[in-house]
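**Q** Below you'll find the structure I mean.
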Amino acid sequence: MDLEPLVRILVAMGLAIPVGLDRELRGKPAGLRTHVVVATASAALGDVSIVGTGSSDVSDQTRIAAQVVSGIGFMGAGVIFASSGRVHGLTTAAALFSAMAIGLCAGMGAFGIAIALVVVTVFVLGPLDWLSGRLIGGHALDERTIQVVAKDLGAVGAAQRLLAEHGAPSREVALEPFGDEVVARIMVRCRDETAREVFRALSDVDGIGFVSDQSLIPEEG
């Protein structure tokens, strides 16, 4: 019995654990089990693409691997979602793509490349994320939706002018009737510090009865 395919799958599993563990500890929808399954399945298909075809033609050997790369895109799209004017899940989708690549490399016997990819991925998800937070921190520009309840359109206009004065001009405004008042969802792009400033300032605008920065509401999952 040839144990090499089993060894390749086990190697893929071991290499995917650090990546999946990072996502699991951060409470992401695709965690440890998902990344391990993706990596091991990719390793199995990578091994089959070489051994199962029984062909020396390189293009023939890579057909299955090419389909794996295409298929992971659907899974990646499943963890990406938009909420409160912000897109979430892009990093987890990228980590899933990395797990797939790790599995394929291990399944094809390219253990050195697989190990290097694990090191780079874990560094990007961990130390580099921490470093970027230290260097950039609150200076990064983020899209967020500020919701205000105004007595009329004049108050909404006053809110937009105040946002512009604070360096957070409105990029998009959605209006909805709310009894005798108006609910305005204003999309802006600004830093965290600026968002807190305008949040406080909007509360003092005449005609504005309620202000909510939806981006500051904790996301579940």
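The values are calculated or read from the model by the stated rules, or taken from the named source; none is laboratory data. Everything numeric here is computed off the predicted structure, so don't read it as measured data. Neighbour counts run over all protein chains shown; Cβ positions are idealised from the backbone, glycine included.
**Q** Looking only at residues that are in a loop (DSSP other than H, G, I, E, B) and farther than 22 Å from Glu181 by Cβ in segment 191-220, which one is modelled with the highest pLDDT? Please lay out each step first, then the result.
**A** First, pick out the residues of segment 191-220 that are in a loop (DSSP other than H, G, I, E, B): 191, 203-207, 217-220.
Adding the requirement that they be farther than 22 Å from Glu181 by Cβ leaves 191, 218-220.
Values: Arg191: 76, Pro218: 39, Glu219: 41, Glu220: 38.
Ranking the qualifying residues of segment 191-220, first place goes to Arg191.
**Q** Still on this model: Here are some residues: Arg185, Arg191, Arg196. Which one is basic (Lys, Arg) and either farther than 16 Å from Val211 by Cβ or not assigned by TED's automatic domain parsing to the domain that holds Phe210 (or both)?
**A** Values: Arg185 fails: either farther than 16 Å from Val211 by Cβ or not assigned by TED's automatic domain parsing to the domain that holds Phe210 (or both); Arg196 fails: either farther than 16 Å from Val211 by Cβ or not assigned by TED's automatic domain parsing to the domain that holds Phe210 (or both).
Every option except Arg191 fails the conditions.
**Q** Any residue at all in segment 153-169 that's assigned by TED's automatic domain parsing to the domain that holds Ser49, in contact with a helix residue (DSSP H, G or I) (Cβ under 9 Å, 6 or more places away or on another chain), surrounded by fewer than 17 Cβ atoms within 10 Å (Cβ to Cβ) and of a type in the set (D, E, K, R)?
**A** We begin by selecting, within segment 153-169, every residue assigned by TED's automatic domain parsing to the domain that holds Ser49; these are none.
No, there is no match, as no residue in segment 153-169 is assigned by TED's automatic domain parsing to the domain that holds Ser49, in contact with a helix residue (DSSP H, G or I) (Cβ under 9 Å, 6 or more places away or on another chain), surrounded by fewer than 17 Cβ atoms within 10 Å (Cβ to Cβ) and of a type in the set (D, E, K, R).
**Q** Can you name every residue in segment 1-18 that is aliphatic (A, V, I, L, M) and either in a helix (DSSP H, G or I) or closer than 14 Å to Val37 by Cα (or both)? Spell out how you get there, then give the answer.
**A** Looking only at segment 1-18, we keep the residues that are aliphatic (A, V, I, L, M), and these are 1, 3, 6-7, 9-13, 15-17.
Hits for segment 1-18 are Leu6, Val7, Ile9, Leu10, Val11, Ala12, Met13, Leu15, Ala16, Ile17.
**Q** Go through the residues of segment 171-180 one by one and say whether even a single one is in contact (Cβ under 8 Å) with a residue 12 or more places away in the chain and touching a helix residue (DSSP H, G or I) at 6+ places or on another chain (Cβ under 6 Å).
**A** no
**Q** Out of the residues in segment 187-214 that are free of Cβ contacts under 8 Å to residues at least 24 places away in the same chain and not polar (S, T, N, Q), which is nearest to Ala158 (Cα to Cα)?
**A** Across segment 187-214, the extreme among qualifying residues is Asp204.
**Q** May I ask you to list pairs of residues, at least six apart or on different chains, whose Cβ atoms are under 7 Å apart, with the first in segment 66-82 being over 13 Å from Ser42 (Cα atoms) and assigned to a strand (DSSP E or B) and the second being at pLDDT 80 or above and of a type outside the set (A, V, I, L, M, F, W, C)?
**A** Phe81/Gly89
**Q** I would also like to ask the following. Within segment 107-117, is even one residue outside the structural domain of Gly209 (by TED's automatic domain parsing), at pLDDT below 85 and closer than 18 Å to Gly20 by Cβ?
**A** Keep residues of segment 107-117 that are outside the structural domain of Gly209 (by TED's automatic domain parsing), which gives 107-117.
When the remaining residues are screened for being at pLDDT below 85, the result is none.
No; the residues of segment 107-117 include none that is outside the structural domain of Gly209 (by TED's automatic domain parsing), at pLDDT below 85 and closer than 18 Å to Gly20 by Cβ.
**Q** Being at pLDDT below 75 and β-branched (Val, Ile, Thr) is the filter here; which residues of segment 52-95 pass it? Step through it out loud before you land on a result.
**A** If we filter segment 52-95 for residues that are at pLDDT below 75, which is where we start, we get 52-62, 82-87.
Once the filter is applied, which keeps residues that are at pLDDT below 75 and β-branched (Val, Ile, Thr), segment 52-95 yields Thr53, Val58, Thr62, Val87.
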